[in-house]
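Input: a single structure, listed below in structure tokens.
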Amino acid sequence: QVQVVESGGGLVQAGGSLRLSCVASGSVSRINTMGWYRQAPGKQREWVAISARNGFTNYADSVKGRFAISRDNAKSTVYLQMNSLKSEDTAVYLCNAAAVSGVNWWGQGTQVTVSS
């Protein structure tokens, strides 16, 4: 089993920055990709960014150029640096870890609120 725990959310003004962290524990050798999703009230969960063990990264168009994902495999940690935040970025941000087999593990989420 794998457990993932997010941290770093909070309240920030539009245009500001936040850095989210996600630490995985347990059977971390099973993890291939780690990434971030978000869910705003009344909306479906939305994929934000992904980082694969081989270094591949990708971003949703809505955050490209503003958010940056990075990963420390030795620490089983993935980060999401969020810059130029907008009110529409307000959501619960959830960390996802996935194995090659397709098994997924999710964190509880961390709230990000951007005030305009």
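The values are calculated or read from the model by the stated rules, or taken from the named source; none is laboratory data. All values reported here derive from a predicted model rather than from experimental measurement. Reconstructed Cβ throughout: ideal geometry from the backbone, glycine too, with neighbour counts over all protein chains shown. With ligands, DNA and RNA removed, areas are computed over all heavy atoms of the protein, side chains included. Shrake-Rupley method; radii C 1.70, N 1.55, O 1.52, S 1.80 Å.
Below, the figures for the structure above:
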{"quantity": "Top positive-direction residue, dipole computed over the chain with Cβ charges, set Leu18, Val5, Asn54", "calculated": "Asn54"}
{"quantity": "Listed residues Arg66, Arg71, Arg30 arranged by accessible area, highest first, probe 1.4 Å", "calculated": "Arg30, Arg71, Arg66"}
{"quantity": "Karplus 3J(HN,Hα) series, Hz, for segment 34-45 with 6.51 cos²θ - 1.76 cosθ + 1.60 (x for Gly, Pro)", "calculated": "10, x, 10, 10, 9, 9, 8, x, x, 10, 6, 5"}
{"quantity": "Carbon/sulfur fraction of accessible area - the chain, other protein chains in place, 1.4 Å, %", "calculated": "48"}
{"quantity": "Residue with peak Gaussian network fluctuation, the chain [Cα springs, cutoff 10 Å], from Gly42, Gly26, Gly102", "calculated": "Gly42"}
{"quantity": "Residue with peak Gaussian network fluctuation, the chain [Cα springs, cutoff 10 Å], from Gln44, Gln81, Gln13", "calculated": "Gln44"}
{"quantity": "Cβ-placed point charges (K, R +1; D, E -1), dipole of the chain about Cα centre in debye, nearest 20", "calculated": "140"}
{"quantity": "The chain: relative contact order as a whole-number percent, Cα under 8 Å and 6+ apart", "calculated": "37"}
{"quantity": "Whole-number accessible area per residue in Å² for the chain, which is evaluated in the context of all protein chains at 1.4 Å", "calculated": "52"}
{"quantity": "Whole-Hz ³J(HN,Hα) from phi, Karplus 6.51 cos²θ - 1.76 cosθ + 1.60, for segment 80-95, glycine and proline x", "calculated": "10, 8, 10, 10, 6, 5, 10, 4, 6, 7, 4, 4, 8, 9, 10, 8"}
{"quantity": "Probe 1.4 Å, all protein chains present, accessible-area order of Glu88, Glu46, largest first", "calculated": "Glu88, Glu46"}
{"quantity": "Residue-by-residue Karplus 3J(HN,Hα) for segment 105-110, coefficients 6.51, -1.76, 1.60, Hz, glycine and proline x", "calculated": "10, 10, x, 7, x, 9"}
{"quantity": "Taking segment 23-86 and dividing mean pair separation by its residue count, relative contact order in percent (alpha carbons under 8 Å, at least six apart)", "calculated": "28"}
{"quantity": "Most to least accessible of Val28, Val23 (protein chains only, probe 1.4 Å)", "calculated": "Val23, Val28"}
